[in-house]
Each structure stands twice: as C-alpha cells, then as structure tokens.
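Trainee: Mind having a look at this structure? Questions to follow.
Any read-out appearing in this document is the output of simple, stated calculations on the displayed coordinates, not a laboratory observation. Model, not experiment: these values are computed from the prediction. Note that each Cβ is placed from the backbone with ideal geometry, even for glycine, and that neighbours are counted across all protein chains shown.
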Amino acid sequence: MTGFTGKGTIRLPLTLAIIEGLQVDIAGDKFIFPLSLVEECVELKKEDANSVKGRNIANVRGDLIPYINLWGWFKTGSEGGEIQQIVITNREGNRVGFVVDFVVGEHQTVIKSLGKIYRKVDGISGGTILGDGTIALILDLPAIIRKVEAGGYEKHQASQGN
C-alpha cells in the first residue's frame, strides 16, 4: 500500500454477528425471530385455539401444536385480535408456536448486545436497529421454551406483577 508506514493502530470490533430474521409485531413493539428456527407462519383464529391441561394448543391442519402467547409473556396488556399469527418453530423435532399480532417479514439483522442491566432478561438475546431507527429485540426462543416447559411461564408472570 502506498504511503502506509506500518505505524499506528487499527481497532476492529471482535465480532459482528448478522443473522437472517423474521420481524414480527407484538402490541406495536417489534421483535426478531432467528429465521433458522422458523418452520412456518399461519393464521391463528380464536376457534382454532384450545387449552388442554393448562397448555395452549392450536390445531394447524390437523396437527396439535403447543403455543406461547408472546403478548402475555412480555406483559403488553393486549390479548390480541380475532385473528393473530402463529410462528411455528422446530426444536429438537418438537414443533412449538409463538403467537404474535402479525408477521412483518424477513429482515437481515445485525445483532447488538444489550447492556449489563438487560443482559439477563428472560427470552431476549440481543437487539437490533431497524431501517427507520426503531429498536427491535431479538428473541431467544429456546430459552422461552425451556422456561415454559419448566413451569416458568407462571413464575415469569408472577415476577412481572401478575
């Protein structure tokens, strides 16, 4: 390189993680699902939603799929409309759905780590800045599933004031 003397320091970030994501809306807030975990998205009508032994179950083309209402998980105060969307993921061969208000679409996501205060928030692995300057939180879907399977959904709600 012409003019390079070999002196000085260049500081580069240690990591820059970019993932393909699926942007969703939950009560007006934006969230990102890692696209690698998403199997499909379908409409969820109230008549297709059931509860069996305290677990939410959706009938998706004849298959019964357990699901988690994210507007309840994040205490949005909303209970969703008559028609919502369910994002179905596949974890170790088990399908689990996550109910959102609507799916916005695919989004290439640069992962930003959260500050020390927010690092241990259940179900959040990071954040990103969208094209319009708003912030979307990146969901840690396996952590949410583990917490719900361990009976943590009720404990999570209690710790949030419900």
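Trainee: What percent of all Cα-Cα pairs in the stretch 7-147 falls into each 5 Å bin, going from 0 up to the bin containing the maximum distance?
Mentor: 2, 9, 19, 21, 20, 12, 7, 4, 2, 1, 1, 1, 0, 0
Trainee: Tabulate in residue order the Karplus-calculated ³J(HN,Hα) for the stretch 57-64, using 6.51 cos²θ - 1.76 cosθ + 1.60 with θ = phi - 60°, rounded to whole Hz; enter x for Gly and Pro.
Mentor: Whole-Hz 3J(HN,Hα) from phi for the stretch 57-64: 10, 10, 8, 10, 6, x, 9, 8.
Trainee: Now for a different question. For q = 0.19, 0.23, 0.24 Å⁻¹, what log10 I(q)/I(0) does the stretch 49-127 give under the Debye formula with an equal point scatterer on each alpha carbon and no solvent?
Mentor: With no solvent term, the Cα-only Debye profile gives -1.02, -1.25, -1.29.
Trainee: By how many nm would the segment from Arg119 to Glu92 lengthen if fully extended, with 0.36 nm per residue of separation less the alpha-carbon distance?
Mentor: 7.2 nm
Trainee: A further question follows. Would you mind checking the pairs Lys46/Lys120; Lys30/Lys116; Lys53/Lys112; Lys75/Lys112; Lys53/Lys116 and listing those with alpha carbons more than 30 angstrom apart?
Mentor: Cα-Cα > 30 Å for Lys46/Lys120; Lys53/Lys112; Lys53/Lys116; rest within.
Trainee: What is the list of residues in the stretch 86-125 whose amide nitrogen lies under 12 Å from a point 7 angstrom out from the Cα of Ile18, following Cα to Cβ?
Mentor: Counting backbone N atoms under 12 Å from the label point, the list is 108-111.
Trainee: Looking at the stretch 103-145, I'd like the Rg to Rh ratio, where Rg is from alpha-carbon atoms and Rh is Kirkwood's inverse mean 1/r.
Mentor: Value, to two decimals: 0.98.
Trainee: First select every other residue whose beta carbon is under 10 angstrom from the beta carbon of Gln23; then total the charges, Lys and Arg +1, Asp and Glu -1.
Mentor: With Lys, Arg at +1 and Asp, Glu at -1, the net is -1.
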